[in-house]
1. Lys and Arg at +1, Asp and Glu at -1: add these up for the other residues within a Cβ distance under 12 Å of T148 and post the number.
2. For the charge dipole of the stretch 6-275, defined by +1 on Lys and Arg C-beta atoms and -1 on Asp and Glu C-beta atoms about the Cα centroid, which residue among C182, Q29, H172 has the Cα displaced farthest towards the positive pole?
3. What is the sum of charges around R123, taking Lys and Arg as +1, Asp and Glu as -1, for the other residues whose C-beta is under 9 Å from the C-beta of R123?
4. Run lengths n ≥ 4 of DSSP H only: what is the helix-derived mean residue ellipticity at 222 nm for the chain, with -39500 (n - 2.57) per run over all residues, to the nearest 500?
5. Counting other beta carbons within 10 Å of each residue's own, what order do I16, I32 fall into, fewest first?
6. Compute, for the stretch 6-275, the length of the dipole vector about the Cα centre, with Cβ point charges of +1 (Lys, Arg) and -1 (Asp, Glu) only. Units Debye, rounded to 20.
7. Among S245, S71, which comes first, second and so on when ranked by fewest other beta-carbon atoms within 10 Å?
Amino acid sequence: MSNKPISTWTRFEASIPPDDRPLDASIFQPLIARRADYQDAFYGRLAESPADCILVVAWNSEGVYDTFAASPEGGTRLLANLAAAGSDGGEAEGDGPKQQQQRGRRPVTTRKVDFGNMPFWWRFGPNTEVRTVYFPSAAGNEQRQKETREAVGRLKGLVLSMGLGIDGRMAHLSPYRGVPECGWVTNEEVEGGKAEEKDGESTAGVVAWEGREASACLWIHYWKNKKAEQTFKTTERRPPPDGESHQPLALEAFEDDLRRLGALGWEDYHVDFEKVPRAL
């Protein structure tokens, strides 16, 4: 049982009430009852597809999460609550992933994401951008996996080319609440499914993307607001490479770096994160 910290990112569907009420936090009661097991938890709807929601939990350790996930009163009940959140009362008892897909619903999917010891959630808030970047699967090749992770980890993400000083007086000019963080997906579980094996090898760290197996990392950017994000992405430029005159946009340079390191593609979404209450 691992004592290293781990986060879980659970994606689920939730019906949107006619009066646009916020998501009912009572569905997280099985999690709230185990408050001592995690550092913090956040949730929110995806701005790009409001029927889709994400629940992020920063667990004290991977072992603690695994125990919770295996508990009928913990993980099992939480998944049932999340699955029911998008059913509009039309879900039949015992529905599995195939039945959910037939009803036009996405099965609840949980990914473990390793950010090391970084408190990546501290700057969660409005207009948090999450980019999931997919790379060719490195399952069974630890050296290749290590090299890819180290190379991606050396990227800075979307940050200003010039600093704003060290005394903090210019901090209000920054377009973000803090520098981006990057974590790697170590496991993916689909509601009702199990970790799979292929040719006798564990597929830990493998996710499904566009019908193929892939490795994935999450880049989190903590934009202050939509205007600040848009201004940065359309105006911030990087110094030109040696011998060149073109100054690429920071976004363009970041995406070129990802492709250079073998990225197959990526998906972006934004969330106005809210804290899961400590008690109901």
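1. Spelling it out: positives minus negatives among the neighbours equals +2.
2. Checking the options against the dipole of the stretch 6-275, the answer is H172.
3. 0
4. -6000 deg cm²/dmol
5. In increasing order of surrounding Cβ atoms, one gets I16, I32.
6. For this selection, approximately 680 debye.
7. S245, S71
Each reported figure results from applying straightforward, stated rules to the coordinates on display, with no laboratory input. All of these numbers come straight from a predicted model, not from anything done at the bench. Here the Cβ is made from the backbone with ideal geometry for all residues, glycine too, and neighbour counts use every protein chain on show.
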